[in-house]
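The values are calculated or read from the model by the stated rules, or taken from the named source; none is laboratory data. Predicted model only: the values in this text are computed from it and were never measured. Cβ: placed from backbone, ideal geometry, glycine included. Neighbour counts: every protein chain shown.
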Amino acid sequence: MNIRAAIRATYLLYERETGYYFSTPTAYIVMAVFLLICGYLFAAPFFIRGQSDIETFLRSAPLILTFFVPAVTMRLIAEEHKTGTAELLAALPVCEWQIIAAKYLAALTLSFAAILLTALYPVTVTVIGNPDTGTFLTAYAGLLLTETLFCAAGLFASALTKNQITAFIIGFLFCFALFISGKVAAVLPPGIAELADFAGIDSHAEALNRGVLDSRDMIYFLSTALLFLFFTNLKLVAARHK
């Protein structure tokens, strides 16, 4: 298969996945719950403390994503086994990486859409006050990078089981481990603490929340996401050759 045909096949699979997302009420319900929680976290400081900022939302969003992203990714591969279409995919003239790319990009599309819908928050704060626009941009870049990593972890979790609920639980555990790792580093022995701090998203996302765009943080998110996608590929290859 030449490159053009491979891209075309991947795009058709991507269309199939995104079409499923936006043709079922599940995606809209998950997004509505996500936006409702985020809306509360954004609005609460206005009414409780009289502050016009989105710090509460930005600091809490990664935790919300540990639930939201696995809910988005749990069906991607697990459902193929449940409906019996996994064998059909295996018979198609596409490789595992094309299937993974299509499903991963579909999950990113829905996840990114949910985050971008919250762009009204910084716009509102800008109108009310005089915040640092650059900080908002890097903070949102941090949220998108977090989703990039979590979607890869959730996709791998979906490849590990045939049950969507189990896939959600495993995906949540992966994402929550990445979320909490840096937070517990302070109570760990020195050597392990440094490793936990680096492995967690905290130290990398915190710099972005301060307006510091460091290439090392971007490399962390992207390389760790690629690692999860690599594990997913190994799982699909093993399943195809059983």
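Structure notes:
- Residue in region 160-167 that is hydroxyl-bearing (Ser, Thr, Tyr), assigned to a helix (DSSP H, G or I) and touching a residue at least 60 places away in the same chain (Cβ under 8 Å) present: yes
- Scan of region 208-227 for residues that are more than 18 Å from residue 140 (Cβ to Cβ) and modelled with pLDDT of 90 or more, ordered by number: 219, 223, 224, 226, 227
- Matching option when the condition is among the small types (Gly, Ala, Ser), touching a residue at least 60 places away in the same chain (Cβ under 8 Å), in a loop (DSSP other than H, G, I, E, B) and in contact with a Ser or Thr (Cβ under 8 Å, 6 or more places away or on another chain), among 211, 171, 154: 211
- Residues that are in a helix (DSSP H, G or I) and over 13 Å from residue 210 (Cα atoms) within region 121-142 comprise 121, 122, 123, 124, 125, 126, 127, 128, listed in sequence order.
- Restricting 205, 196 to those that are touching a helix residue (DSSP H, G or I) at 6+ places or on another chain (Cβ under 6 Å), within 21 Å of residue 116 (Cβ to Cβ), at pLDDT below 95 and in a helix (DSSP H, G or I) reduces the list to 205.
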